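See structure below.
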Amino acid sequence: MIGRAARRRCPRCGGKAFSSYFTLRERCAECGLRFEREEGYWVGALVINTAVVFGSFLVLFVGGMLTFWPEVPWGALAGVTLGTMAILPILFYPLSKTLWMALELSWHPLEEHEITAAANVADLPPKS
Ligand SMILES: [Zn+2]
């Protein structure tokens with residue numbers, strides 16, 4: 001599921017999850033899975049995105065500081081770090097959603113009503 005998520009695909013079946021780079025479909029085009037499983041579902045994706053951005057700060061700023069100490073080029077280091085922290089959450093946005101779906105599905109498998117609803121939409125026999 002993580003491999004499918006890393007390719008911005010449906011974690012359940014590998015079908016198309018996005019209609020454009022940033023636009024998540026309501027349901028998987030292949031298996032009919034409704035991506036937003038409950039209200040507030042995307043808070044997990046926000047947490048993942050925030051953690052990735054914070055990780056980039058640690059790697060770039062703290063790593064750069066340790067690498068260049070004591071002659072730290074503060075201006076360049078701050079510029080690279082801030083630039084990355086401004087762009088990364090936007091570029092990572094789709095992946096944060098598919099990764100969250102894969103993680104959440106791994107500890108919260110689909111419930112019977114979700115399987116049935118997905119099958120009805122996809123016009124397929126139910127499968128888990
Ligand atoms: Zn699917």
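The values are calculated or read from the model by the stated rules, or taken from the named source; none is laboratory data. Quick caveat, the model's predicted, so the values are computed rather than measured. Because the Cβ atoms are built from the backbone with ideal geometry, glycine has one as well, and the counts that use them run over all protein chains shown.
Test of understanding: among 1, 65, which residue is at pLDDT below 95 and either more than 16 Å from the ligand (Cβ to nearest atom) or closer than 19 Å to residue 103 by Cα (or both)?
Just one listed residue meets the conditions, 1.
Could you tell me which of the residues 66, 110, 82, 103 is exposed (fewer than 11 other Cβ atoms within 10 Å of the Cβ) and among the hydrophobic types (A, V, I, L, M, F, W, C)?
66
Does region 77-128 hold any residues that are among the acidic types (Asp, Glu), within 15 Å of the ligand (Cβ to nearest atom) and outside any helix (DSSP H, G or I), and which are they?
The answer is 123, and nothing else.
If you scan region 11-48, which residues turn out to be in contact (Cβ under 8 Å) with a residue 24 or more places away in the chain, near the ligand (Cβ under 10 Å from one of its atoms) and within 16 Å of residue 106 (Cβ to Cβ)?
Hits for region 11-48 are 11, 12, 33, 35.
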